[in-house]
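> Dumping the structure here so I can ask a few things about it.
The values are calculated or read from the model by the stated rules, or taken from the named source; none is laboratory data. Bear in mind that the values here come from a model prediction, so they are computed numbers and not experimental data. Here the Cβ positions follow ideal geometry from the backbone for every residue, glycine too, while neighbour counts run over all protein chains shown.
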Amino acid sequence: MEIDLSQARQTVQQLLDALEELDGTEVDEAPTRAARRQQSQVTRTLLYLAHLGDRAKVEVMDAYHAFKMRDGSAGE
């Protein structure tokens, strides 16, 4: 059996790229419309990063369960 983690690797690469892009971002805390827009964008981006982390976790668990299903049936 070949373990296929290509989907998880793609998701993790997306996560890494987005993390690198956001890392070190200076957030404008001024009470302006542009600052609020930037803060909203950062909030959405952070939520998306959390989603990507969750998606990668699910994709790895899918591979694990597929492996266990084959492993369990091979022993019978």
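> In this structure, does ALA56 turn out to be more than 20 Å from the chain's Cα centre (by Cα) and in a helix (DSSP H, G or I)? Lay out the reasoning, then the answer.
On the way: more than 20 Å from the chain's Cα centre (by Cα): no; in a helix (DSSP H, G or I): yes.
Against the criterion (more than 20 Å from the chain's Cα centre (by Cα) and in a helix (DSSP H, G or I)), ALA56 does not qualify.
> Considering only residues that are charged (D, E, K, R) and assigned to a helix (DSSP H, G or I), look in the stretch 59-76 and name the one that is modelled with the lowest pLDDT.
The initial filter retains those residues of the stretch 59-76 that are charged (D, E, K, R), namely 59, 62, 68, 70-71, 76.
Going one step further and asking which of them are assigned to a helix (DSSP H, G or I), we end up with 59, 62, 68, 70-71.
On the way: GLU59: 96, ASP62: 93, LYS68: 89, ARG70: 82, ASP71: 72.
That would be ASP71.
> Next question, about the same structure. Return the residue satisfying two criteria in turn: it lies in the stretch 13-28 and is surrounded by 10 or more Cβ atoms within 10 Å (Cβ to Cβ) and charged (D, E, K, R), and of such residues it is farthest from GLU59 (Cα to Cα).
Only one residue fits best here, namely ASP28.
> Which members of the stretch 17-37 meet the condition of being over 21 Å from LEU52 (Cα atoms) and not small (Gly, Ala, Ser)?
Step one: filter the stretch 17-37 for residues over 21 Å from LEU52 (Cα atoms), giving 26-37.
Hits for the stretch 17-37 are GLU26, VAL27, ASP28, GLU29, PRO31, THR32, ARG33, ARG36, ARG37.
> Which pairs do you get when a residue that is closer than 9 Å to ALA8 by Cβ, found in the stretch 41-65, comes within reach of a residue that is among the hydroxyl-bearing types (Ser, Thr, Tyr) and surrounded by 15 or more Cβ atoms within 10 Å (Cβ to Cβ), reach meaning Cβ atoms under 7 angstrom, with the pair 6+ apart or on two chains?
Here the result reads ARG55/THR11; ALA56/THR11; GLU59/THR11, each pair linking the stretch 41-65 to a residue that is among the hydroxyl-bearing types (Ser, Thr, Tyr) and surrounded by 15 or more Cβ atoms within 10 Å (Cβ to Cβ).
> Are any residues in the stretch 1-33 outside any helix (DSSP H, G or I), within 16 Å of THR43 (Cα to Cα) and not hydrophobic (A, V, I, L, M, F, W, C), and if so, which ones?
Within the stretch 1-33, ASP23, GLY24, THR25, GLU26, ASP28, GLU29 qualify.
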